[in-house]
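Quick notes on the structure that follows.
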Amino acid sequence: MTKHKKNMRVLFVTSEVSPIIKTGGLADVSAALPTALLEMGVDIRVLLPGYTQVLQALPELKVVFEFGSQQLTDIFSMPASRLLLGKLPSGVPIYVFDCPELYLRGGGIYQDENGFDWADNAQRYGVFSKVAALLGSADSPISWRPQILHCNDWQAGLVPAYLQYADKPALTVMTIHNLAFQGNFSAEILPELGLPWDCYKADGVEFYGQLSFMKAGLFYADHLTTVSPSYAGEIQTEELGFGMQGLLAHRSKLLTGILNGIDLDVWNTTTDSYLKHHYDAGDLSGKAANKRALQQHMGLQLEADIPLFGLVGRFTQQKGLDIVLEAAETLISLPAQLVLLGGGDIEMQRTAVALAQQYPGQLAVHIGFDEHLAHLIEAGADIFLMPSRFEPCGLNQMYSQHYGTIPVVHATGGLIDTVIDFNPTTLAQGKASGFVFKRSNGVNLLATAYRAVIAYKNKKIWQALQKSCMSKDFSWKGSAKAYFDIYANLMDK
Ligand code: ADP
Ligand code: GLC
């Protein structure tokens, strides 16, 4: 690590950060990765939109700049806005782009109360990206000038595009957390966003006749990363490239897959603030107490020895929720119990609730976002289901392993890179950490869940498996260093 780079200045541009505002894994990564980089000596700060929840959670924010028309000149009818500065609970400094007209509202951060995308998302994240780019240019209104802008997902995708037109632009890293979400909008919005028409071309922001925020980031950023080595390969194929595979294959020398880590301050069996019963690999009695607490909380029968399957996640095709729902009745007849936490697709929610009504005591569902219950499921379940059709990285399978809750996963993306299939050899080597199946469908899920149940019945084998999972290092250390090296290499060029 060269000395002068220890103090490099990085702005981490993201649309969510735990515990303040979270819809998925991006929030967890946006909290933990900057913290790990700060600990390595990087002068890193986060930029987040000023959503209602952010202004409520961070009351100590100070105004550092009030935007006037001269800073955001080319943004059409730019409403009143300010840049605020505060600190995240981790101590990482955070800039908040406060623009009430765009971010201060009820509903979700990307969607309204009825689950429809906000009609002005292009403006909301276009202006956000514009502000990030401004901070990374010679025209920045504040004195702290990042050398690197680390942009996350489509919401920050326009940053590298804006920087094409900026004076003394910062370098950019674009991280893909999920290529299925691309931020594609009608090109008519370009002038309103202050982008010239000359970037609207195949070698630019155009993507099948639309303006694509993700494409913009992938085309213009100086370096690309995604959240697991396997996914870095998969997105260069037609099957999982969502139309971007050609561009990604073309830029593959600049594309690095870096596995996410887990935040051990938040997800830790010995300190988890959401749990009454703590435990570790040496004494798993606390885990049994959590299982009982989970059964009680969800109205399941209080049986200590029945295998309890858990799932936490968005109810979508990506996560294979339809496959779980199809397999649910057979699964609980093994016999087993099943607890589901999540929300999303209305039809899937209905099916899940109907199953829970049909099989009280055996199958329980909680629809909604519940951080406390997510921790209790990770700690209290025996087996964790993750039959995702694709999974850029996935955090829950890592939380599960750390919690001694053995994952059953489809061999895709980050699940391939983090779960080693159980067999006598991998068990003897102390490497086995779950049950893996190829081709995500109900039959394969059930066959693999059954393999897990057989293993569960042999206490000696099961405990060996739990110990091998719990001894794995999922910390951010190695991955944060990989990001550090990418920043440093870019600055060397
Ligand atoms: P993704 O980002 O694709 O949704 P990840 O596995 O990377 O998937 O991360 C999901 C994160 O969101 C995890 O921290 C998980 O515990 C959390 N999560 C998902 N759904 C819920 C929910 N309904 N309640 C609480 N936490 C949830
Ligand atoms: C995305 C992906 C998930 C990943 C997370 C954090 O939401 O779907 O696999 O773990 O981002 O990188």
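The figures follow:
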item	result
Cα-based Rg / Dmax (Å) for the stretch 143-235	13.2, 41
For GLY108, distant residues with modelled amide H under 5 Å away	GLU113
Gyration tensor (alpha-carbon) shape descriptor, the chain, a/c threshold 1.5	prolate
The chain, relative contact order in percent, only Cα pairs under 8 angstrom and at least six apart counted	11 percent
Sum of -39500 (n - 2.57) over DSSP H runs of 4+, divided by residues of the chain (222 nm, nearest 500)	-10500 deg cm²/dmol
Relative packing of 154-161, 442-449, which averages over residues the other C-beta atoms within 10 Å, highest first	154-161, 442-449
Beta bridges per DSSP with both ends in the stretch 44-178, % antiparallel, nearest 5	55 percent
Euclidean distance between Cα centres, the stretch 166-211 to the stretch 309-368, Å	38 Å
Kirkwood Rh in Å, taken over the stretch 375-421 so that all alpha-carbon pairs contribute	10.4 Å
Size of charge dipole - the stretch 127-206 - debye, nearest 20, with Cβ of Lys, Arg +1 and Asp, Glu -1, no other charges	280 debye
Dipole in debye (nearest 20) - the chain, about Cα centre, beta carbon charges: Lys, Arg +1; Asp, Glu -1	1400 debye
Between the stretch 245-269 and the stretch 431-493, the Cα center-to-center distance that results, in Å	15 Å
Greater than 25 Å apart at Cα, pairs in LYS22/LYS477; LYS287/LYS481; LYS22/LYS467; LYS87/LYS477; LYS22/LYS201	LYS287/LYS481; LYS22/LYS467; LYS22/LYS201
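Since every read-out is calculated from the coordinates, none of them should be taken as a lab result. Since the model is a prediction, treat every value here as computed from it, not as a measurement. Glycine gets a Cβ as well: all are built from the backbone with ideal geometry, and neighbour counts include every protein chain shown.
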